[in-house]
Amino acid sequence: MKLLITGLFILGAFLTELSSQNADKIAMTPPMGWNSWNKFGCDVSEKLIKEMADAMVSSGMSKAGYQYVVIDDCWQIDRDSAGNIIADPERFPSGIKALADYVHSKGLKFGIYSCAGTKTCQRRPGSRGYQYQDARQYAAWGVDYLKYDWCYNEEQDAKAAYKTMSDALKESGRPIVFSICEWGSNEPWKWAEGIGHLWRTTADIRDCFDCELNWGGLGVLNIIDKQVDLWKYAGPGHWNDPDMLEVGNGGMSEEEYKTHFSMWCMLAAPLMAGNDLRNMTESTQMILTNKEVIAVNQDSLGNQGIKFLDMGDHEIWVKFLKNNEIAVCFLNRSEQPWLCNYNWGKMNIYHIGKAVRFSSMKYKIRDLWEHKMIGTTEQNLNKEIPGHCVLMVRLIPVKE
């Protein structure tokens, strides 16, 4: 009997170590998927999530790289006498395991939400004191992704609180992407690598281009401004998260949504759509499934873009890609068109150990929204960029 117990202990330790190793090998590129909160808030149900999974496939989103279907707050209603978390039986009559199985049957992955506090932000049961129990339950259900919020945290130490759930997930026996959502309040980029796979850097996004609400909600430009110095903390398996996408929710113009999506791709941000996938306009679908722009986001080097040049209303952002290619995004913050006449020969980039001198190196230029080549760096770039929009290009070295 003693030998059996020892063997089981060794097996358990091995499985825990294996799970921990697997946790280190997921989210090697920024996660892509869909989350219920931005569009539906608390109005979530089994029916809705199944329809979103169906639409993710039928719309071409899954082929473009989106894979996680994530239920945000309000799926949970109570705990039973043993402390097990209970899904709302009216909204999720088949249970979470059956719903996860359905999502998996579509070739997708399933995500769920909880909170480091005693309650979630919508006053549902949080995970404080139940972290290991909840993690085991999530693994048994087949959860692949956990978004973990910070409401009702009761002045816990953020690093310790998130590490507890991180350790619980690693011991659950299932690789689960861990999304830290404490709104950047405790500068998680300085401590969260190895604890989470992504961490929020700001307050919640709002469906507006340039706004800042008194409770902390931020528009697209306001969030971009807060990412400028965070590039050094991002890389494969650990990402800065400027919050979910608002593309298609109706508060911005097509140009502004293009800018939103382009800049999230330049920032190597997780791409979590937040719209109704069942009835997307042609414009929304075109933006969210632009494979050339998504390829910049999913580049295997995992570099976060940098703001190379700030000219007030006009900015130039640069992201180094594999194969010595470079993504460049010309951002027009102004409402007025930008008549851009850019001389590549005057542009030298020195960053993260790389030196690029366009006066001595030649690149072909591909417009990632027009899907066509537009010249080389031997000529000036002449382009009119609409207000609140971008020109996003990929520079491809010319082999002599």
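What follows is calculated from the coordinates using simple rules that are stated; it is not laboratory data. As the structure is a prediction and not an experimental result, all values here were calculated from the model. We place every Cβ from the backbone using ideal geometry, glycine too, and count neighbours over all the protein chains shown.
How tilted is helix 254-266 with respect to the longest principal axis of the chain? Cα atoms for both, answer in degrees (0 to 90, nearest 10).
70
Rounded to the nearest 500, what is the 222 nm mean residue ellipticity of the chain from helices alone, with -39500 (n - 2.57) per DSSP H run of 4+ residues and division by all residues? Intermediate values should be presented prior to the final figure.
Working: 10 runs with 106 residues, N = 400.
Estimated from H runs of four or more residues: -8000 deg cm²/dmol.
Can you figure out the FRET efficiency of Glu384 with Arg357, using R₀ = 30 Å and their beta-carbon distance, to the nearest 0.05? Working shown, then result.
Values: r = 27 Å, r/R0 = 0.91.
For R0 = 30 Å, the calculated efficiency reads 0.65.
Who wins for biggest fluctuation among Leu245, Leu339, Leu271 in a Gaussian network model of the chain, springs between alpha carbons below 10 Å?
In the Gaussian network model the winner is Leu339.
For the chain, what's the relative contact order in percent, using C-alpha pairs closer than 8 Å and at least 6 residues apart?
Result for the chain is 13 percent.
Please work out the Cα center distance from segment 62-94 to segment 218-264, rounded to the nearest Å.
Centre-to-centre distance over Cα atoms comes out at 27 Å.
For the chain, modelled as a Gaussian network with Cα springs under 10 Å, which listed residue fluctuates most, Glu256, Glu193, Glu90?
In this elastic network of the chain, the residue with the biggest mean-square fluctuation among Glu256, Glu193, Glu90 is Glu90.
Work from the charge dipole of segment 23-297 (Cβ charges, +1 for Lys and Arg, -1 for Asp and Glu, about the Cα centre) and give the residue of His104, Gln76, Met52 farthest towards its positive end.
My answer, from the dipole projection, is His104.
Given Met392, Ser360, Trp338, which one lies farthest toward the positive end of the charge dipole of segment 306-397, if we put +1 on the Cβ of every Lys and Arg and -1 on the Cβ of every Asp and Glu?
So the residue we want is Ser360.
Taking amide H positions as placed 1.01 Å from N in the peptide plane, with prolines and chain starts having none, which residues 5 or more places from Met32, or on another chain, fall under 5 Å of its amide H?
It is Gln67, Tyr68, Leu271, by chain and number.
What shape does segment 306-397 have by the C-alpha gyration tensor, where a ≥ b ≥ c are the square roots of the eigenvalues, rounded means a/c under 1.5, and otherwise prolate means a/b greater than b/c and oblate the rest? Walk me through the numbers before you get to the answer.
Values: a/c = 1.67, a/b = 1.37, b/c = 1.21.
Because a/c hits 1.5 or more and a/b exceeds b/c, segment 306-397 counts as prolate.
Sort Cys115, Cys208 by Cβ crowding within 10 Å, fewest neighbours at the top. Provide the component values of the computation, followed by the final result.
Numbers: Cys115 25, Cys208 18.
So the residues, fewest neighbours to most, are Cys208, Cys115.
Taking only Cα atoms, what is the 0 to 90° angle, nearest 10, from helix 96-105's long axis to the longest principal axis of the chain?
On a 0 to 90 degree scale, this one is about 40.
Of Leu277, Gly237, Gly184, which is farthest towards the positive pole of the chain's charge dipole, taken about the Cα centre with +1 and -1 on the beta-carbons of Lys, Arg and Asp, Glu respectively?
Result: Gly237.
How do the peptides 60-69, 320-329 rank, highest first, by the average count of neighbouring beta carbon atoms within 10 Å per residue?
Values: 60-69: 20.1, 320-329: 18.3.
With the highest mean Cβ count within 10 Å placed first, the list reads 60-69, 320-329.
Need one word for the chain: rounded, prolate or oblate. Basis is the Cα gyration tensor (sqrt eigenvalues a ≥ b ≥ c); a/c below 1.5 gives rounded, then a/b vs b/c decides. Please report the intermediate quantities before stating the final value.
Working: a/c = 2.03, a/b = 1.69, b/c = 1.20.
Prolate shape, in that a/c is at least 1.5 and a/b is the bigger ratio.
Pick from Gly302, Gly129, Gly33: which residue has the top mean-square fluctuation in a GNM of the chain where Cα pairs under 10 Å get a spring?
Gly129
If contacts are Cα pairs under 8 angstrom and at least 6 residues apart, what is the relative contact order of segment 173-313 in percent?
On the way: 231 pairs, mean separation 28.9, N = 141.
Relative contact order comes out at 20 percent.
As a quick test, which of the pairs Lys190/Lys346; Lys362/Lys383; Lys97/Lys319; Lys25/Lys147; Lys47/Lys119 have an alpha carbon distance above 29 angstrom in this structure? Write out the running numbers ahead of the final one.
Values: Lys190/Lys346 35 Å; Lys362/Lys383 19 Å; Lys97/Lys319 40 Å; Lys25/Lys147 18 Å; Lys47/Lys119 25 Å.
With Cα atoms farther than 29 Å apart: Lys190/Lys346; Lys97/Lys319.
Normalising by the residue count of segment 133-193, find the relative contact order in percent from Cα pairs under 8 Å and 6+ residues apart.
Averaging sequence separation for qualifying contacts and normalising by length gives 49 percent for segment 133-193.
In debye to the nearest 20, how big a dipole does the chain give about its Cα centre with +1 on each Lys and Arg Cβ and -1 on each Asp and Glu Cβ? Let's see the in-between values first.
Values: 43 positive and 50 negative charges, 275 e Å.
In debye, rounded to 20, the chain gives about 1320.
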